[in-house]
Every structure is written in C-alpha cells, then in structure tokens.
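The values are calculated or read from the model by the stated rules, or taken from the named source; none is laboratory data. Fair warning: this is a prediction, and the values are worked out from it, not measured in the lab. Cβ: placed from backbone, ideal geometry, glycine included. Neighbour counts: every protein chain shown.
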Amino acid sequence: MATTASFTNVPARAAGSNSVFRRALNRMVSARERQVSRYVNGYLLTLDDQTLAENGYDRKALEKAGASVYPF
C-alpha cells in the first residue's frame, strides 16, 4: 500500500486558529515548493520536444508555468 505525503498544510489544533509560527512554516514550505517547481521546469525545458512528449509534458505548459535555473 503506497502512501503520499503533502507538507503544505500541516494540521493545526483547530480550523482557523493557526499560530504565527504555523502560518510562517506553511508559507515557507509553499514558497520552497514553488521554487523547486520552477527549477524542475527549467531542467525539463532543456529536453527536446520528443522526449517531453514521451514523458507526458508539453513545452508550452512548462514555459507558461515558469522556469529558473539555480547554480547550485
């Protein structure tokens, strides 16, 4: 049985009563997920159209989503 984890919404004590730290953590995780998505899109855009199509990606959709290359 496979399970998946999502780190964007860490459960809080009660709905609507998030602490300052919980909101800060959620925002940092969300920002990091967007950064990673742009990084991956940047790599995918270096591939040729045939390879993208074989793996279910569309170049125009990737370009629209945005891309960045980080020099780490």
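The number of residues in region 37-72 being at pLDDT 90 or above and hydrophobic (A, V, I, L, M, F, W, C) comes to 8.
Only one of the numbered conditions (1) modelled with pLDDT under 60; (2) farther than 26 Å from Ala67 by Cα; (3) within 19 Å of the chain's Cα centre (by Cα) is not met by Pro11, and that is (3).
Pairing residues of region 48-70 that are under 21 Å from Gln35 (Cα atoms) and touching a residue at least 24 places away in the same chain (Cβ under 8 Å) with residues that are among the basic types (Lys, Arg) and surrounded by 11 or more Cβ atoms within 10 Å (Cβ to Cβ), at Cβ distances under 7 Å and at least 6 apart in sequence or on separate chains, gives Gly66/Arg38; Ala67/Arg38; Ser68/Arg38. For region 14-34, the set of residues classified as surrounded by 11 or more Cβ atoms within 10 Å (Cβ to Cβ) and either modelled with pLDDT under 90 or in contact with a strand residue (DSSP E or B) (Cβ under 7 Å, 6 or more places away or on another chain) (or both) consists of Asn18 only.
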